[in-house]
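J.: Mind looking over this structure? Questions follow.
Read-outs throughout are calculated quantities, based only on the coordinates presented, and are distinct from any laboratory measurement. This one's a predicted model, so the numbers in the text were calculated from it and none came from an experiment. Note that each Cβ is placed from the backbone with ideal geometry, even for glycine, and that neighbours are counted across all protein chains shown.
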Amino acid sequence: MLVVNVASKCGLTPQYEQLEQLQKDYEARGFTVLGFPCNQFLGQEPGSTDEIKEFCSTTYGVTFPLMDKIRVNGRHKHPLYAELTQVEAADGKAGRIQWNFEKFVITPGGEITRFRPSTKPDDPAVVAAIEAGLGEAAAA
């Protein structure tokens with residue numbers, strides 16, 4: 001799966017298109033994108049869960065699951081992100097989510113690969129991490 005914190009009013013919002021394409025390309029093989037709306041970065045996700053889902057489906061054709069809005073940083077961050085933020089990105093740094101659209105590929109074996117917001121969902125490194133996880137699932 002690919003876990004990503006999302007926002008509807010961010011310069012990176014067009015990444016929804018690539019996330020949806022990953023969903024379409026790999027869902028038959030057991031892969032899914034999970035979007036976690038977050039309003040912690042300059043108020044770029046102000047809507048309700050229903051408004052966010054409506055925007056994503058009508059604007060970007062999103063079919064992957066969008067969860068309820070959560071916090072990804074700080075004292076009240078969601079437990080999932082408490083775990084995910086311990087993983088280092090390619091820059092060797094773990095810790096706080098830097099911005100909207102930070103991505104985590106999680107394999108069936110529990111390996112996690114972290115990608116910073118500027119790394120697009122269709123980047124070869126992201127696709128390679130997804131493919132490796134799918135290969136791991138097929139071998140099981």
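J.: Comparing Thr59, Thr119, Thr85, which has the greatest mean-square fluctuation in the GNM of the chain with Cα pairs linked when under 10 Å apart?
T.: Ranking Thr59, Thr119, Thr85 by mean-square fluctuation puts Thr59 first.
J.: If one computes the Cα centroid of segment 1-69 and of segment 90-119, what distance in Å separates the two points?
T.: 16 Å
J.: DSSP beta bridges in the chain, what fraction antiparallel, as a percent rounded to 5? Write down the numbers at each step before the final one.
T.: Details: 7 of 15 bridges.
Counting DSSP beta bridges with both partners in the chain, the antiparallel share is about 45 percent.
J.: So for segment 2-120, if I pair up every lysine 8 or more residues apart or on another chain, how many of those pairs have alpha-carbons under 23 Å apart?
T.: 20
J.: Next question, about the same structure. Quote the relative contact order of the chain in percent (integer), defining contacts as alpha-carbon pairs under 8 Å separated by 6+ residues. It would help to have the intermediate numbers written out before the result.
T.: Numbers: 234 pairs, mean separation 38.9, N = 140.
It comes to 28 percent, rounded to a whole number.
J.: Taking GluC sites (Glu not before Pro) that fall in a DSSP loop and have at most 14 other Cβ atoms within 10 Å as cut points, what is the longest piece of the chain between them? Working shown, then result.
T.: Working: sites that count: Glu88, Glu111.
Formally, the longest exposed-site-free interval is 1-87.
J.: Considering the dipole of the chain built from charges on the beta carbon (Lys and Arg +1, Asp and Glu -1) around the Cα centre, which of Gly133, Gln86, Ala7 is farthest to its positive end?
T.: Gln86
J.: Still on this structure, please answer the following. Return the loop-located trypsin sites (Lys or Arg not before Pro) in segment 84-117 (DSSP other than H, G, I, E, B) with at most 10 other Cβ atoms within 10 Å of their own Cβ; answer none if there are none.
T.: Working: sites: Lys93, Arg96, Lys103, Arg114; in loops: Lys93, Arg96.
Qualifying residues, ordered by number: none.
J.: With 26 Å as the cut-off, how large is the P(r) tail for segment 2-120, expressed as percent of Cα-Cα pairs?
T.: Numbers: 934 of 7021 pairs.
Pairs farther apart than 26 Å: 13 percent.
J.: Also, quick follow-up: Along Cα→Cβ, 7 Å out, is where each label goes; now give me the distance between the ones at Glu51 and Glu27 in nm to one decimal.
T.: 2.6 nm
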